[in-house]
Amino acid sequence: MFDNLSTRLGKVFDRLKGKGVLSEGDVGDAMREIRVAMLEADVALPVVKDFIASVREKAVGQEVLRSITPGQMVVKIVNDHLRELLGGATSELKLASPPAVILMVGLQGSGKTTSSAKLAVRLRKDRKKVLLASLDVQRPAAQKQLEVLAQQAQVDSLPIVNGQQPLDITRRALESARREGFDVLILDTAGRLHIDESLMVELLQVRDLAKPHETLLVADALTGQDAVNVASHFHERIAVTGIVLTRLDGDARGGAALSMRQVTGRPIKFVGMGEKLDALEVFHPDRMAGRILG
Ligand code: GDP
């Protein structure tokens with residue numbers, strides 16, 4: 001396993017103890033340790049470079065070189081800066097007056113349908129009346145899958161009408177949510193194996209019709225840099241409002257979280273921590289900072 005960052009930096013600064021005053025070069029050694037930790041955690045190289053530059057600037061500004069515990073000071077500066085970049089505080093859902101619409105988007109297999117149901121469970125526990133609707137007419141069993149998950153989540157799902165297209169299903173879902181007094185409508189969209197134009201056109205049409213209050217991109221943390229590219233493409237086309245990062249129960253080191261936040265400027269709102277419907281947690285930047293630094 002990797003040493004954690006404090007231990008690594010401790011070693012760097014231990015070597016320098018006898019030297020009296022620390023030089024810029026010594027700080028440079030520490031920066032190299034941080035760089036390795038971040039790259040190992042799957043953070044994209046340009047993001048790492050920016051990060052190191054700002055930390056170096058802060059470290060010099062705060063006179064780390066002359067402090068008695070320079071190692072600890074650097075660790076604190078790194079942690080604080082990483083938390084700030086990851087979003088500082090947690091970011092809750094913005095739900096307007098009912099029915100609030102949440103549009104779930106992402107590639108096939110990213111965990112969209114599962115995350116839709118998980119979100120429904122959370123909202124139900126907050127005493128919201130939730131309607132789930134699947135717009136996925138690509139995969140034959142997708143609508144049925146959401147219906148089954150809705151039952152497990154103990155929330156309603158829009159009755160399936162075979163042969164209906166995504167825009168018609170959206171219209172029906174919106175009408176039903178209004179008529180039946182739902183607080184939240186969650187629209188689970190179709191994914192594709194790769195980003196393609198037909199998917200984007202479909203999503204744009206649905207978005208313009210449904211006017212969602214939240215558009216959440218669901219991305220698989222295990223896919224690392226690919227997930228970052230996906231986030232960047234989706235955001236460019238359909239302006240997401242937040243990210244759900246799934247499979248953080250796996251061995252993803254979380255660097256993708258930082259890169260995604262950087263390329264979209266949008267917060268990570270939730271993380272998926274398992275297949276069960278209660279395995280969705282609010283994203284905590286401080287926990288993720290710890291995970292990235294090892
Ligand atoms: P979709 O194609 O994007 O709708 O993906 P699904 O919701 O069908 O999820 C694909 C698979 O990933 C399913 O087997 C889910 O149980 C699993 N899955 C989803 N989220 C998580 C997660 O956070 N952790 C783990 N371990 N598995 C997940």
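The values are calculated or read from the model by the stated rules, or taken from the named source; none is laboratory data. Just so it is clear, the structure is predicted and the values come from calculations on it, not from any experiment. Note that we place each Cβ from the backbone using ideal geometry, even for glycine, and neighbour counts take in every protein chain shown. Ligands, DNA and RNA are stripped out before the accessible areas are found, and what is left, the full protein with its side chains, is counted by its heavy atoms. Shrake-Rupley method; radii C 1.70, N 1.55, O 1.52, S 1.80 Å.
Based on the alpha-carbon set only, what is the convex hull volume of the stretch 167-246 divided per residue, in Å³? Intermediate results must be reported in sequence, preceding the final value.
Values: hull volume 7.4 nm³, N = 80.
Enclosed volume per residue, from the Cα hull, is 93 Å³.
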Checklist outcome for this item: Expressed in µm² per second, the diffusion coefficient of the stretch 65-145 from the Stokes-Einstein equation, with Rh the Kirkwood radius over alpha carbon pairs, at 37 °C and 0.692 mPa s, is 197 µm²/s
Checklist entry - Can you pull the accessible area of K276 for me, 1.4 Å probe, Å² to the nearest 10? => result 150 Å²
Checklist outcome for this item: Largest-first semi-axes in Å of the equivalent ellipsoid built from the Cα gyration tensor of the stretch 108-267 are 25, 18, 15
Next on the checklist: How big is the stretch 80-125 along each principal axis, measuring the range of its Cα positions in Å and listing the largest first?
Outcome noted: 36, 31, 18
Checklist entry - When ranked by the protection proxy of mean other Cβ atoms within 10 Å per residue, highest first, what sequence do the peptides 241-250, 138-147, 224-233 form? => result 241-250, 224-233, 138-147
Item to check | Stretch gain in nm, segment D168-L39, where the contour uses 0.36 nm per residue and the Cα spacing is subtracted | outcome: 41.9 nm
Next on the checklist: Between Q154 and Q108, what is 0.36 nm times their sequence separation minus the Cα-Cα distance? Round to one decimal in nm.
Outcome noted: 14.1 nm
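How large, in percent, is the carbon and sulfur part of the accessible surface of the stretch 111-217 at a probe radius of 1.4 Å? The partial results should precede the final answer.
Values: 2390 of 5000 Å².
Looking at the stretch 111-217 in its full context, I get 48 percent from C and S.
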Next on the checklist: Connecting C-alpha atoms closer than 10 Å in a GNM of the chain, tell me which of G272, G25, G87 has the biggest fluctuation.
Outcome noted: G25
Checklist entry - For K94, which aspartates and glutamates qualify as cross-link partners when the Cα separation must be under 12 Å and same-chain residues fewer than eight apart are set aside? => result E214
Next on the checklist: As I understand it, the value is the acute angle between the Cα axis of helix 255-264 and the longest principal axis of the Cα atoms of the chain; what does it come to in degrees, rounded to 10?
Outcome noted: 70 degrees
Item to check | Over the chain: Kirkwood hydrodynamic radius from C-alpha pairwise inverse distances, Å | outcome: 20.4 Å
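For the pair Q72 and D50, what calculated FRET efficiency results from E = 1/(1 + (r/R0)^6), where r is the Cβ-Cβ distance and R0 = 25 Å, to the nearest 0.05? Mind dumping the intermediate values first?
Working: r = 24 Å, r/R0 = 0.94.
With a Förster radius of 25 Å, E is 0.60.
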Next on the checklist: Compute a Gaussian network model of the chain, connecting alpha carbons closer than 10 Å, and tell me which residue from V74, V101, V60 fluctuates the most.
Outcome noted: V60
Next on the checklist: Can you tell me what share of the DSSP beta bridges in the chain is antiparallel? A percent to the nearest 5 is fine.
Outcome noted: 10 percent
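Would you mind getting me the FRET efficiency between Q145 and A89? Use the beta-carbon distance for r and R0 = 45 Å, nearest 0.05. Before the final figure, lay out each step's value.
Details: r = 34 Å, r/R0 = 0.76.
My answer for the efficiency is 0.85.
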Checklist entry - Just the accessible area per residue of the chain, please: how many Å² with a 1.4 Å probe? => result 47 Å²
Checklist entry - For the Cα atoms of the chain, what angle does the longest principal axis make with the long axis of helix 24-40, in degrees from 0 to 90, nearest 10? => result 30 degrees
Checklist outcome for this item: Rounded to the nearest 10, the angle in degrees between the Cα long axis of helix 45-61 and the longest principal axis of the Cα atoms of the chain comes to 50 degrees
Checklist entry - Given the pairs K125/K276; K58/K269; K129/K276; K11/K58; K118/K269, which span a C-alpha to C-alpha distance of over 19 angstrom in this model? => result K58/K269; K129/K276; K11/K58
Checklist entry - Per-residue ellipticity at 222 nm for the chain, helices alone: DSSP H runs ≥ 4 residues times -39500 (n - 2.57), over residue total, nearest 500 deg cm²/dmol? => result -16500 deg cm²/dmol
Checklist entry - Of all the C-alpha pairs in the stretch 222-294, what % are more than 15 Å from each other? => result 51 percent
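For R179 and L222 in the same chain, what is the full-extension length gain: residue separation times 0.36 nm, less their Cα-Cα distance, in nm?
On the way: separation 43, 0.36 × 43 = 15.48 nm, distance 4.03 nm.
Full-extension gain reported as 11.4 nm.
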Checklist entry - What residues qualify as long-range amide H neighbours of D156, i.e. H under 5 Å apart, gap of 5 or more or another chain, H built at 1.01 Å from N? => result V130, L132
